[in-house]
1. Checking residue 18 against (1) loosely packed, with under 15 Cβ neighbours inside 10 Å; (2) modelled with pLDDT of 95 or more; (3) within 18 Å of residue 66 (Cβ to Cβ), which single condition isn't satisfied?
2. What are the residues in segment 23-56 that are on the phi > 0 side of the Ramachandran plot and in contact with a helix residue (DSSP H, G or I) (Cβ under 8 Å, 6 or more places away or on another chain), if any?
3. Out of 59, 11, I need the residue that is modelled with pLDDT of 95 or more, in contact with a helix residue (DSSP H, G or I) (Cβ under 8 Å, 6 or more places away or on another chain) and surrounded by 14 or more Cβ atoms within 10 Å (Cβ to Cβ). Which one?
4. Which numbered condition trips up residue 99, out of (1) closer than 24 Å to residue 133 by Cβ; (2) within 16 Å of the chain's Cα centre (by Cα)?
5. Determine, yes or no, whether residue 120 is surrounded by 12 or more Cβ atoms within 10 Å (Cβ to Cβ) and on the phi < 0 side of the Ramachandran plot.
6. Can you work out which of the residues in segment 62-94 that are within 13 Å of the chain's Cα centre (by Cα) and crowded, with 16+ Cβ neighbours inside 10 Å is nearest to residue 132 (Cα to Cα)?
7. Take the residues of segment 32-49 that are in contact (Cβ under 8 Å) with a residue 40 or more places away in the chain and closer than 22 Å to residue 4 by Cα: which is surrounded by the fewest Cβ atoms within 10 Å (Cβ to Cβ)?
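The values are calculated or read from the model by the stated rules, or taken from the named source; none is laboratory data. Since the structure is predicted, the reported quantities are computational estimates derived from the model, not experimental observations. Neighbour counts run over all protein chains shown; Cβ positions are idealised from the backbone, glycine included.
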């Protein structure tokens with residue numbers, strides 16, 4: 001029997017916390033639609049497992065400065081059996097300083113036959129950049145230079 005939407009969601013966020021980035025694309029359908037609507041400066045739509053492999057591979061490179069786990073998870077069932085809304089946080093520690101951080105998130109996920117076919121991942125990207133120690137670089141990418149105007 002395929003995993004439920006709640007089980008698939010939990011496998012994703014636990015897999016991110018465990019840094020099992022190579023396994024995560026297999027939780028998604030070969031053709032999917034994953035969006036990060038709140039990403040500063042925008043983010044490409046992830047439409048295939050190959051897109052997700054690149055996405056999670058990039059995450060692996062950005063996250064060696066922090067340890068974190070999903071916490072405060074509340075999963076809301078909807079009238080559509082394929083769709084859940086999950087509220088949670090990533091709670092972690094900055095490895096260099098021991099400082100704690102929390103990144104709030106809400107995911108709206110559609111799962112069919114045990115695979116994510118659609119997801120809208122809303123989380124505080126700037127809080128994650130702050131935790132990773134690359135907030136200045138993130139903000140610099142968003143600030144137009146005189147040549148851009």
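1. Every listed condition holds for residue 18 apart from (2).
2. 41
3. 11
4. (2)
5. yes
6. Here the residue is 63.
7. 33
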